[in-house]
Amino acid sequence: LIGSNGAGKTTTMKAITGSLQVAGGRISYLGRDVQGQGSWDLVQQGLVMVPEGRGVFTRMSILENLQMGAYLRTDKAVISADIERVFGLFPRLQERSAQLAGTLSGGEQQMLAMGRALLSRPKVLLLDEPSMGLSPIMVDKIFEVIAQVAAMGVTVLLVEQNASRALKMAQRAYVMESGEISMQGDAKTLLHDPKVRAAYLGE
């Protein structure tokens, strides 16, 4: 989902995940109308969001943050295995598992926020500007993990300022303008659309 600042991308994601009240329309997830449900209910159903700004628990350790991602789960043995899987995706988190989240760099906090979301076993993962403010090396790592998560069978809805990179990775893309979807289709097709390239790729 791409669009200029203020187009309504984050608002859309918050509406989908129950963080904002919806004024009209319908939100369907897994064939059911989920409008009016709280974020906690949707997490239990596998609909999970990593917000812009990461939102980690700064006074808790990396390990404790990951455990919070599994707060609604009871399968302790599987939770431990999932934490190890996250450490496999983000070795740096394993190296610093006892470190307070508030002392991490922006890129490390983004890793942690994504790892915490994965601990909830999402079916659909919404990522809001995961590469914002990160170094090029860290951006590469974040996109690498997004691809791995998608390969695990998790559907990813990505809002991303790096439109070119997002479109190259995505299967389907939507362009939002002033709160409405103005274009949609195959991501590779939109990547080469002159209007998209002029408006969002700086050409």
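The values are calculated or read from the model by the stated rules, or taken from the named source; none is laboratory data. Keep in mind that what you see is a predicted model, and the values were worked out from it rather than measured. Please note that ligands, DNA and RNA were not included when accessible areas were found on the heavy atoms of the full protein model with its side chains. Shrake-Rupley method; radii C 1.70, N 1.55, O 1.52, S 1.80 Å.
Of Ser120, Ser80, the residue with the largest accessible area leads and the full order is Ser80, Ser120 (1.4 Å probe).
Springs join every pair of Cα atoms under 10 Å in this Gaussian network model of the chain, and among Gly115, Gly106, Gly185 the largest mean-square fluctuation is at Gly185. Each part reduced to its alpha carbon centroid, region 41-56 and region 140-175 end up 17 Å apart.
Shape verdict for region 30-123, please, from the Cα gyration tensor: rounded (a/c under 1.5), prolate (a/b greater than b/c) or oblate.
On the way: a/c = 2.23, a/b = 1.55, b/c = 1.44.
The shape class here is prolate.
Taking every protein chain into account, the 1.4 Å probe leaves Asp75 with about 60 Å² of accessible area, to the nearest ten.
I'd like the antiparallel share, as a percent to the nearest 5, of DSSP beta bridges with both residues in the chain. It would help to have the intermediate numbers written out before the result.
Details: 9 of 19 bridges.
The answer is about 45 percent antiparallel.
In Å², and per residue, what accessible area does the chain have when probed at 1.4 Å with the other protein chains present? Numbers along the way, then the final one.
Working: 10590 Å² over 203 residues.
It amounts to 52 Å² per residue over the chain.
Based on the alpha-carbon gyration tensor of region 68-158 and its eigenvalue square roots a ≥ b ≥ c, which shape applies: rounded if a/c is under 1.5, prolate if not and a/b is larger than b/c, or oblate? The shape class here is oblate.
Would you please calculate the Kirkwood hydrodynamic radius of the chain over all C-alpha pairs and express it in Å, rounded to one decimal?
On the way: mean 1/r = 0.0566 Å⁻¹.
Its Kirkwood hydrodynamic radius stands at 17.7 Å.
Where only DSSP H runs of four or more residues are counted, the chain gives -12500 deg cm²/dmol as its mean residue ellipticity at 222 nm, each run worth -39500 (n - 2.57). Largest mean-square fluctuation among Ala81, Ala163, Ala187, in a Gaussian network model of the chain whose springs join Cα atoms under 10 Å apart, belongs to Ala81.
With all protein chains in place and a 1.4 Å probe, the accessible surface of the chain carries 52 percent carbon and sulfur. Kirkwood analysis of region 133-203, using all unique Cα-Cα pairs, places the hydrodynamic radius at 13.1 Å.
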